[in-house]
1. Give the peptides 83-93, 126-136 in descending order of average Cβ contacts within 10 Å, highest first.
2. Around His69, with a cut-off of 15 angstrom between Cβ atoms, what is the net charge of the other residues, counting Lys and Arg +1 and Asp and Glu -1?
3. Provide the net charge surrounding Glu110, with neighbours chosen by a C-beta distance below 12 Å and charges set as Lys +1, Arg +1, Asp -1, Glu -1.
4. Using the Karplus curve 6.51 cos²θ - 1.76 cosθ + 1.60 with θ = phi - 60°, what ³J(HN,Hα) values do you get for each residue of the stretch 118-124, in whole Hz, with x for Gly and Pro?
5. Given 0.36 nm per residue, what is the gain on full extension from Cys111 to Asn170 after removing their alpha carbon distance, in nm?
6. Packing-wise, with mean Cβ within 10 Å as the measure, how do 5-11, 155-161 rank, highest first?
Amino acid sequence: MLSIMDAKKFIAEIQTRFYLANCWRLGLVVNESDTGNIPHKAIEDFLRDHLGFQSFTEDEISSTENNLHCKFPELFREYLLKMGKFNFIFDQQDIIDISEYPEMIIFLKECIEESNEECRDEENFKPMELIIPENAIIFMQHQGYQYFYILPEDSPDPTIYALDEDEIRNLGLFSESLLHFSETEKPISASTAPQAIQEYDSWTIPTKSKQIKPWWKFW
């Protein structure tokens, strides 16, 4: 089981991969073997100052947990603390502000009621129902028809689910999505930048024999 310390180490590793992948953009030459000698705060400062990474505060997270009457899974909580407000993994317009988490289930219920009311007189009308758990933590959406959520009682490394209209899809563990994206960034380092600039596809995994479109790429 993933502990709080393991979650911190995992997110720190993801941050380091972003750091290595993007140093070349500023003409910085950093070898992967050197990162152990770099204070992690310096890496976090780099991500904030040069890549615009933003996070939610402990107070914001704790307040939302209290409003939802739950505790976030360890890895998701550490993600929020370090990069949950803005990052290159998920599109900024799709990220839901943490203050809105408690309102999302209510919002979905209202949308369902409105849709049922509009379609009630249609032939073969079948009313829509809320098919996700009412304690779902909805942290992303896309254009009002896709919603992405985790469950508070899930493991420390929670599963991401997608509500896509009337279908629920299992998208795998939260850690898998972070690793998936970091693998796309990994080739862009100081040592590989010259050829990678020409070959790099930022939305596929170069190490796989078959390129895979990640679930969070909507275009």
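1. Working: 83-93: 17.6, 126-136: 12.7.
Per-residue mean Cβ counts within 10 Å order the peptides as 83-93, 126-136.
2. Details: positive: Lys71; negative: Glu65, Glu103, Glu134, Glu153.
Overall, the nearby charge balance is -3.
3. Details: positive: Lys109; negative: Glu103, Glu113, Glu114, Glu117.
Around Glu110, the surrounding residues sum to -3.
4. 5, 9, 4, 8, 6, 5, 6
5. Working: separation 59, 0.36 × 59 = 21.24 nm, distance 2.27 nm.
Using 0.36 nm per residue and subtracting the Cα-Cα distance, I get 19.0 nm.
6. Working: 5-11: 16.7, 155-161: 19.1.
Going by the mean number of other Cβ atoms within 10 Å, highest first, we get 155-161, 5-11.
Values quoted throughout were computed directly from the atomic coordinates according to the rules given, and no laboratory measurement underlies them. Note that the structure is a prediction, hence the values are computed from the model and not measured. As a convention, Cβ positions derive from the backbone with ideal geometry for all residues, glycine included, and neighbour counts pool all protein chains shown.
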